[in-house]
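Notes follow once the structure below has been shown.
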Amino acid sequence: QVQLVESGGGLVQAGGSLRLSCVASGIVFSINTMGWYRQAPGKQRELVANVSSGGSTNYLDSTKGRFTISRDNAKNTVYLQMNSLKPEDTAVYYCNAKVMTIGYYTYLEVWGQGTLVTVSS
């Protein structure tokens, strides 16, 4: 019913920038929190950043000052601008959203398929 479709991953040199996008498609009544997680090989998935429907944001400490999360509620889209990328930022990045959709009376947690970000040194 609801899908999150990510784009924008790829290969970049250290110090470079990438912008990830994630759009929620399907029957969407409203979206609560939207965010980005990442998982590096052999590591647990971790929250990178999220943004509430009101615009409040949270960031992983290691990304503060380098990454910026934003959302366009009219387009059901969340963005992650990543600057000054480091090799340790290499991971699969997953979009996450809590979505109110048809057939549910609470927010449903939805995940994207993931997009690979590789930062070379």
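At a glance:
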| quantity | calculated |
| --- | --- |
| Rounded if a/c under 1.5, otherwise prolate or oblate - region 31-80, Cα gyration tensor axes | prolate |
| Rounded to 5, the percent of DSSP beta bridges in the chain classed as antiparallel | 90 |
| Relative contact order of the chain, defined on C-alpha pairs under 8 angstrom at six or more residues apart (%) | 36 |
| Loop chymotrypsin sites (Phe, Trp or Tyr not before Pro), region 1-91 (other Cβ atoms within 10 Å of the site Cβ: 11 or fewer; DSSP) | 29 |
| Portion, in percent, of the accessible area of the chain that falls on carbon or sulfur, probe 1.4 Å | 49 |
| Exposed trypsin sites (Lys or Arg not before Pro) absent - longest run of the chain, DSSP non-H/G/I/E/B, at most 16 other C-beta within 10 Å | 67-121 |
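The values are calculated or read from the model by the stated rules, or taken from the named source; none is laboratory data. All values derive from a computational prediction rather than experimental measurement. So basically every Cβ, Gly included, is an ideal-geometry build from the backbone, and we count neighbours across all protein chains shown. With ligands, DNA and RNA removed, areas are computed over all heavy atoms of the protein, side chains included. Shrake-Rupley method; radii C 1.70, N 1.55, O 1.52, S 1.80 Å.
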